[in-house]
Amino acid sequence: QAHLVESGGGLVQPGGSLRLSCAASGGIFRIAVMRWYRQAPGKQRELVASITSRDITLYTDSVQGRFTISRDNTKNLVYLQMNSLNPEDTAVYYCNANSPSFDLWGQGTQVTVSS
């Protein structure tokens, strides 16, 4: 059964960087659109970034120029490089794999930006 596992979250000071990773198993990776979402306390889950199987990327306006999504199809990994972090980026970050035949979510990883 396919599943996703995120890692790389933690506590970072404002202006710092983190890189999140999402490992996909089950043979789904190459055909999936991979997305990172986040959910802050008391807020709705929001889409942060996405990358297609052809490496076409999209970002929400608030992270444009600071975050970079990438994927390694040889290792079934997707990354979210987050730079210039600010307290508003504090949230649980979720990895999502989507295709016409499946929609999978990871368990989430906490990112806290605080001094």
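The values are calculated or read from the model by the stated rules, or taken from the named source; none is laboratory data. Being a predicted model, the structure only gives us computed values, none of them experimental. FYI the Cβ positions are ideal-geometry reconstructions off the backbone, even for glycines, and counts take in every protein chain you see. For the accessible areas, the whole protein counts, side chains as well, though only heavy atoms, and no ligand, DNA or RNA atoms are used. Shrake-Rupley method; radii C 1.70, N 1.55, O 1.52, S 1.80 Å.
Annotation: Thr112 fulfils all but one of (1) of a type in the set (S, T, N, Q); (2) surrounded by fewer than 14 Cβ atoms within 10 Å (Cβ to Cβ); (3) at pLDDT 95 or above; the unmet one is (2).
Of the candidates Arg45, Arg19, the single residue that is over 17 Å from Asn96 (Cβ atoms) and either in contact (Cβ under 8 Å) with a residue 40 or more places away in the chain or surrounded by fewer than 18 Cβ atoms within 10 Å (Cβ to Cβ) (or both) is Arg19. Of the strands (runs of 3 or more DSSP E) lying entirely inside region 1-88, those containing at least 1 residues that are aromatic (Phe, Trp, Tyr) span 33-39, 57-59, 67-72, 77-82. Scanning region 61-95 for residues that are of a type in the set (Val, Ile, Thr) and open to solvent by 40 Å² or more (accessible area, probe 1.4 Å) gives Thr68, Thr74.
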